[in-house]
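K.L.:
Below you will find the structure I want to go over with you.
The values are calculated or read from the model by the stated rules, or taken from the named source; none is laboratory data. Only a predicted model underlies this, so the values are computations on that prediction, with no experimental measurement involved. Don't worry about glycine lacking a Cβ; one is built from the backbone with ideal geometry, like all the others, and counts go over all protein chains shown. We work out accessible area using only protein heavy atoms, side chains counted, and drop any ligands, DNA or RNA first. Shrake-Rupley method; radii C 1.70, N 1.55, O 1.52, S 1.80 Å.
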Amino acid sequence: MLATPPSSADASPDEKTAIKSHLHYTQSLTEIPHHQRRSSRWLNRIQRRHVVAILAFLGFCQVYALRVNLSVAIVAMTANRTIISEGNTKIEQDFDWDSKSQGIILSSFFYGYAVTQIPGGWLATRIGGKKLFGLGILVTAIITLLTPLLAWTGFYYLVVGRIIEGIFEGVTYPSIHAVWSRWAPPLERSRLVTIAFSGSYFGTVISLPLSGYLAETFGWASIFYVFGTIAIIWCIVWLIVVSETPQEDKQITEEELDYIRATVGPAANHVKVNMDPPWKRFVTSLPVWAIMLAHFSENWGFYTLLTELPTFMKDVLGFDLKHAGLLSALPYLVMGTVVQIGGQLADYLISNGHLSTTKVRKLCTCGAFIFQTLFLIAAAHATSATAVVACLTVAVGFGGFAWAGFSVNPLDIAPQFASILMGLSNTVATLPGMISPLLTGHLVQRKTPEEWQTVFYIAGGIYLAGAVFYAMFASGKLQRWAELPDGEMLCADTHSRASTEDLPFGSGTCGDSD
């Protein structure tokens, strides 16, 4: 049975049209009585879903700051130092790890990270995405504070510590999709999701040069103390300010609550749909595989450069640690900006009926991968430091458009299972984090430009393969196996030209186009 659509006077679902009268299910408007709701003028100027997005953005800044600081710190930890004592000169280093040992340390994080992706997605549907997201970052921050102690204790203690960090960071991406399944209206999915995910890149931008500065000024141990402390402060704010559902938020206005309830559906109202995850459907669905392989392709190039770019800058371009950290951060500054632009553009194209959701997801993902391939190959053959940095900056930056495609896609095809699909996707996408540093360590033995060219060629080839598969099999439509049992849905106004593939719950009976 379908809910009565909004009047034709309105162009698309918004806060004026998506009101309580369009809800098909029966439930009280709020779980918190109106007189208990607190409000303040400055808070009311920012809609609560945007508050969630801003804090999620800062959360992903912490996720990546805690993850990548070791990429810079390990250069300082293994650097040779000239010590003059009693007229004698000698060369020392804190840790004598060779390139293979460093590869093991850098990749160990991802062994833990891969383990909790799918359990994290399932757990987020049970205990709530907000709690799990905060807990994952909190434990990672604590281990980060202990990292210097672990390193001095022994090589394998550090490896185990990084694995534990990976285990708890592994729940962050799946759990945030559980948050958005309750908070993100369909026609705002791309922008809200990409605002949050762009924090990953701004976190990288901040942490890489800051890590270099801290290592040069205060010693490499200070990197872990500073970032661990900041992350713990963020966790406290997140757990206090953000609510699991709009219904539980005491600061939300009635207008915004009505809008989210009417467009998102039962998930925004704490209604639990008793549907067991269709695991067989997940692994046999080509649109799901398209998401997973696109995520794998993007992460291969991203992790290759994320973990190895400081070393590449030092070995091939001859930059010292401080400059290597600064220039390594530049591509991610561009990417963080492009991620948000891509999200805005995707929602604009969908909500105004210019392109279907399927076409927008493919355009963003495949277009980004093709450009990344071209500029990685250009970087491999560039003859000057300026050209190399420019090509790598553009190559990494274009990846921002891909995140407006495949990363939002789970919310399109199966919103109530989006956290689990993100867990599946991120499990596959974690493999590059394990393989790429080890492969690079084996390929780059003499630290020559030719060895690094091979690294870039491999990344470019994987981008191209991901683009082809996603173009062939991706979809932006709600999958039949993800439909609600009773067929509850809210149809968009026909004048909005937004098809049911843009809505979270539907059977496709409102008519859609591809």
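K.L.:
Any of 100/447; 130/362; 130/477; 130/359; 362/477; 359/477 with alpha carbons more than 20 Å apart? Name them for me.
P.N.:
130/362; 130/477; 130/359
K.L.:
Right, another one. Would you please give the residues with an amide H less than 5 Å from that of residue 252, counting only those at least 5 places away or on a separate chain, with H modeled from the backbone geometry?
P.N.:
none
K.L.:
Please compute the modelled spin-label separation between residue 96 and residue 281, points set 7 Å along Cα→Cβ, answer in nm with one decimal.
P.N.:
Result: 5.9 nm between the two label points.
K.L.:
Okay, moving on. Please work out the average accessible area per residue across the stretch 373-437, using the 1.4 Å probe convention, and give it in Å².
P.N.:
23 Å²
K.L.:
Provide Rg and Dmax in Å for the stretch 333-470, with only Cα atoms included in the calculation.
P.N.:
16.6, 54
K.L.:
Where the only charges are on Cβ atoms (+1 Lys, Arg; -1 Asp, Glu), what is the dipole of the stretch 90-141 about its Cα centre, to the nearest 20 debye?
P.N.:
Here the size comes out at about 480 debye.
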